[in-house]
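The numbers here are math on the coordinates, done by the rules we state, and not lab data. Since we're looking at a predicted model, the values are computed, not measured. Note that we place each Cβ from the backbone using ideal geometry, even for glycine, and neighbour counts take in every protein chain shown.
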There are 2 protein chains.
Amino acid sequence: MVAKINEITSLLKDKGLNVTEIRRQLVALLWTPGSALTQKEIEEALEQELGSVDRVTLYRNLRLLMEKQVIHQIPMDAQTVKYKLAGAHKKVDHPHFHCSHCDKLLCMPQVKIEENMLPGGFVIQSSHLIIEGVCDLCNIPQKPEEPLKD
Amino acid sequence: MVAKINEITSLLKDKGLNVTEIRRQLVALLWTPGSALTQKEIEEALEQELGSVDRVTLYRNLRLLMEKQVIHQIPMDAQTVKYKLAGAHKKVDHPHFHCSHCDKLLCMPQVKIEENMLPGGFVIQSSHLIIEGVCDLCNIPQKPEEPLKD
DNA sequence: TTGATTTTTGCAACCATGTTGCAAAAATAG
DNA sequence: CTATTTTTGCAACATGGTTGCAAAAATCAA
């Protein structure tokens, strides 16, 4: 985590944001590939790192980081939204794979949703896809991935 | 709408639910194929049909109808959930197409998400897909579908 | 480095919505 | 039609989104 401080600082500055402790921790939390957290999970994690964090401050920083496209919201189901570091992806909405074992949320840009999959006459503007299952690493019985959670 | 009262009553009874005015109106609202409404939209529509509806009553009935699988929630984006009449579909999650012109939400069971679309080792348990675009009817300039909204 | 300026934070406060308990009203069964 | 069960509407509380404002922190310039 410590090794990434410079990278995180650069990322924030590149996006025109001042560097504050909360922002650094927020980005650090989501820095790990596959990491995607709910607001509650973020709140609990920040609690540990920084002591209690004001919910308004968290709210404003999440909103700001979204505006600056540092992070994205991903609706997992009707009652759950996760936050994820925005990759260098062009499209806002690209497919994700959620591993029910290790809880990682991985980008799956190779999965394409195209008009020829639909009946005639339908035009696609964008699409949103989440695939739920078990990822390649967790799927090897000999070398199971540690769950991120717990 | 009137012609459907018997069908709606049967549907409710088949699911083991008593028939009340709110439940009938709720199902009637979502009866039209492609109809999918947010809670706010439902609230406003019921307002017109029944006068003001208590939000707790609406909340409890939506929850009940979901438990009985009469309706489903569909997360459209991070801040929007729509309710839709549950079809005779086996799988809870099946692809939908949302028309940005007429606002209809159509089931697209012909679109399949399969493991061979993923890198090796990934196993699919379920998937959730919403395609945003223009539907076949709205796509014919000569005969545009009336928007459901307005 | 220090002090001035700008930005961010933390708090009070408000609103919308989820959720429960309870008594009154409505639906169902006999 | 009446008795019983279910549902509704209301009060009340919890949670999370949202704003304004003063204190604290970060940035900038000398």
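Applying 1/(1 + (r/R0)^6) with R0 = 30 Å to the Cβ-Cβ distance of A:I5 and A:S100, what FRET efficiency is obtained, to the nearest 0.05?
0.40
Report, in degrees rounded to the nearest 10, the 0 to 90 angle that the Cα long axis of helix A:55-67 makes with the longest principal axis of chain A.
Roughly 50 degrees, rounded to the nearest 10.
Give the angle, between 0 and 90 degrees and rounded to the nearest 10, that separates the Cα long axis of helix A:39-50 from the longest principal axis of the Cα atoms of chain A.
Once rounded, the angle reads 30 degrees.
Ignoring everything except DSSP H segments at least 4 long, calculate the 222 nm mean residue ellipticity for chain A; use -39,500 (n - 2.57) per segment, divide by total residues, nearest 500.
Computed ellipticity for chain A at 222 nm equals -9500 deg cm²/dmol.
Please report, for B:T57, the nm distances (one decimal) from its label point, 7 Å out from Cα along the beta-carbon direction, to the equivalent points in the remaining copies, shortest first.
Here the equivalent label points are 4.6 nm apart from this one.
What does the charge add up to near A:K13, with Lys and Arg as +1, Asp and Glu as -1, over the other residues with Cβ less than 12 Å from its Cβ?
For residues surrounding A:K13, the net value is +2.
Find, to one decimal place in angstroms, the Kirkwood hydrodynamic radius of segment A:1-73, where the mean of 1/r is taken over every pair of different Cα atoms and then inverted.
Radius from the Kirkwood sum: 12.4 Å.
What's the angle, to the nearest 10 degrees (0 to 90), between helix A:5-14's Cα axis and the longest principal axis of chain A?
The helix A:5-14 is inclined about 70 degrees to chain A.
With a 10 Å radius around each residue's Cβ, average the other Cβ atoms per peptide and rank A:25-33, B:15-23, B:119-127, highest first.
A:25-33, B:119-127, B:15-23
Would you pull out the residues with amide H under 5 Å of B:K104's amide H, same chain only if 5 or more places away, H placed 1.01 Å from N?
B:C99, B:L148
If I take every Cα pair under 8 Å that is 6 or more residues apart in segment B:1-86, average their sequence separation and divide by the length, what percent do I get for the relative contact order?
28 percent
Return a whole-number percent for the relative contact order of chain B, with Cα pairs under 8 Å and 6 or more residues apart as the contact set.
In percent, rounded to a whole number, it is 19.
Taking θ as phi - 60°, what are the ³J(HN,Hα) couplings along segment A:114-124 by the Karplus curve (6.51, -1.76, 1.60), each to the nearest whole Hz, with x for Gly and Pro?
Along segment A:114-124, the couplings run 10, 4, 6, 7, 9, x, x, x, 8, 10, 9 Hz.
Quantify how strongly other chains surround peptide B:62-75 by giving the mean number of their Cβ atoms within 10 Å of each of its Cβ atoms.
1
What FRET efficiency do you get for A:Y59 and A:S126 if R0 is 25 Å and r is their Cβ-Cβ distance, rounded to the nearest 0.05?
With R0 = 25 Å, the Cβ-Cβ based efficiency is 0.40.
List, shortest first and in nm to one decimal, how far the label point of A:D93 (7 Å from Cα along Cα→Cβ) is from its counterparts in the other copies.
1.5
Quick check: convex hull over the Cα atoms of the protein assembly as shown, volume per residue in Å³, rounded to an integer?
Taking the convex hull of the Cα positions in the protein assembly as shown, it is 183 Å³ per residue.
Every other copy gets compared here: list the nm distances from the A:Q110 label point (7 Å along Cα to Cβ) to its counterparts, shortest first, one decimal.
2.7
How much net charge surrounds B:L30 when only other residues with a Cβ under 10 Å from its Cβ are counted (Lys, Arg +1; Asp, Glu -1)?
Result for the neighbourhood of B:L30: +2.
Report, by chain and number, residues whose modeled amide H sits under 5 Å from the one on B:K82, excluding near sequence neighbours (fewer than 5 apart, same chain).
B:I74, B:M76
Above 23 Å lies some portion of the pair distances; for chain B, what is it as a whole percent of all C-alpha pairs?
Counting every Cα pair in chain B, those more than 23 Å apart make up 44 percent.
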